[in-house]
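Visitor: This is the structure I have questions about; it appears just below.
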Amino acid sequence: MLRWVLRGQAVYYVATGLWPLFSLRTFELVTGPKTDDWLVHMVGLLAAAIGLALWGGARRRPPAGEVVALAGLSAASFAGIDLVYALGGRISPVYLGDAAVELALIAALAIGWLGRHRA
């Protein structure tokens, strides 16, 4: 299960990370206007890089603890920023949807990690 969660998170991060690079206009239609395009692009590239690392790490049986830590900490970071700034009214409420995805990923990673050690 852990490998599937990592793969799903990898695909999500690569897709959402590259989206503003390919179409900043549609990204902003969904997420709201941004003031610093370079920052949107940089965060997108970082998300895509994390996604690629997670995909590679998911190939190993079992995935290394460092890969699972990267997955969990990345999801927690995105969720934290989403929640603080969306609930504070600084960014679009659509980011609460991303926070929900990130929290679900954290839960799935925890279940997968615990299941891995019970086996």
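The values are calculated or read from the model by the stated rules, or taken from the named source; none is laboratory data. Since the structure is predicted, the reported quantities are computational estimates derived from the model, not experimental observations. Don't worry about glycine lacking a Cβ; one is built from the backbone with ideal geometry, like all the others, and counts go over all protein chains shown. Surface areas here come from the heavy atoms of the whole protein model, side chains and all, with no ligands, DNA or RNA. Shrake-Rupley method; radii C 1.70, N 1.55, O 1.52, S 1.80 Å.
Visitor: Being open to solvent by 30 Å² or more (accessible area, probe 1.4 Å), polar (S, T, N, Q), over 23 Å from Pro63 (Cα atoms) and outside any helix (DSSP H, G or I) is the requirement here; does Thr35 meet it?
Guide: Considered against the rule, which asks whether it is open to solvent by 30 Å² or more (accessible area, probe 1.4 Å), polar (S, T, N, Q), over 23 Å from Pro63 (Cα atoms) and outside any helix (DSSP H, G or I), Thr35 comes out as yes.
Visitor: Please count how many residues of region 69-97 are touching a residue at least 40 places away in the same chain (Cβ under 8 Å), in a helix (DSSP H, G or I) and either open to solvent by 30 Å² or more (accessible area, probe 1.4 Å) or under 18 Å from Leu29 (Cβ atoms) (or both).
Guide: 2
Visitor: Determine, yes or no, whether Pro20 is in a helix (DSSP H, G or I) and open to solvent by less than 20 Å² (accessible area, probe 1.4 Å).
Guide: When the stated conditions are applied, Pro20 passes them.
Visitor: So how many residues does region 70-94 have that are of a type in the set (Phe, Trp, Tyr) and more than 12 Å from the chain's Cα centre (by Cα)?
Guide: 1
Visitor: Residues in region 40-68 that are open to solvent by 60 Å² or more (accessible area, probe 1.4 Å) and either part of a helix (DSSP H, G or I) or farther than 27 Å from Gly115 by Cα (or both): how many?
Guide: 7
Visitor: Related question: Under 7 Å between Cβ atoms, which residue pairs at least 6 apart in sequence (or on different chains) link something in region 102-114 that is among the small types (Gly, Ala, Ser) with a partner that is open to solvent by 80 Å² or more (accessible area, probe 1.4 Å)?
Guide: Gly112/Met1
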